[in-house]
Structures are given as C-alpha cells and as structure tokens.
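Read through the structure below, which is laid out as structure tokens, and then see the notes.
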Amino acid sequence: MILAFDTSTAACTAALFDGSGNCVARRDELIGRGHSERLVPMIAELLDGRSADEIEIAAGTFDTPNQVTPTYELWTCRRENWLPPFNVARRYERDREGTARAEP
C-alpha cells in the first residue's frame, strides 16, 4: 500500500493505493486552514481497518525543502548500512522513551 497526501494548498488531500498502483480510497476536502487537525483523522478514514506488514514514511516538501527536519531517529537496530548518518541530536535503538509529544 502507498499512502499519499498533499497539504500544500487550501485542499487537504489523501489517497491510498494498492501494490499495483490502483487508487483504493481517497479523500479531498477544501478546508483552507486546519490541515494539521484534519489530516490524521482523514488518513484513519482511508485505512479503515486495512493494515500492512511494513510501513515506510518519506516526508518532504518541494517549496521549502529544509522545513521538515528530523530531530531524532528511531529503530536504529534495523538501520540500513547504506544510509548516510543523519544529523540528529538523539538516536533510539527501538521506540522513544516516554509519551511526550516533544523531545526533551
């Protein structure tokens, strides 16, 4: 499955594609502002009980490429050896400790 979403305009758009590239679900709402509040519930609606064996997340932006900058790295025990080192303050072998939304 591939989950694609776009929040760069007044529309909040998300789509779910199967392994063959066919769109199996999509949502598109013209909301103006409030993308951060609407996106996660929208993704949950798309998934609607679907699951995958593995999830890979690629994040980025085309208009300001350095806007999305990671501050920590998770699951370094499964890190691919060909990846270059990331310039992050912390690395966690598995899940991050604690439940806070921000890093200490």
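Residue by residue, here is whether (1) modelled with pLDDT of 85 or more; (2) at negative phi; (3) surrounded by 14 or more Cβ atoms within 10 Å (Cβ to Cβ) holds:
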{"position": "Asp28", "(1), (2), (3)": "yes, yes, no"}
{"position": "Ile57", "(1), (2), (3)": "no, yes, no"}
{"position": "Asn66", "(1), (2), (3)": "no, yes, no"}
{"position": "Glu73", "(1), (2), (3)": "no, yes, yes"}
All-but-one check, Cys77 against (1) closer than 30 Å to Thr9 by Cβ; (2) loosely packed, with under 10 Cβ neighbours inside 10 Å; (3) modelled with pLDDT of 80 or more; (4) not assigned by TED's automatic domain parsing to the domain that holds Asp6, failing number (1)
Listed by range, strands (runs of 3 or more DSSP E) wholly within the stretch 1-55 having at least 2 residues that are under 27 Å from Trp75 (Cβ atoms) are 2-6, 11-17
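The values are calculated or read from the model by the stated rules, or taken from the named source; none is laboratory data. Remember, it's a predicted structure, so these values are computed and weren't measured experimentally. A quick note on method: Cβ atoms are made from the backbone with ideal geometry, for glycine too, and the neighbour counts reach across all protein chains shown.
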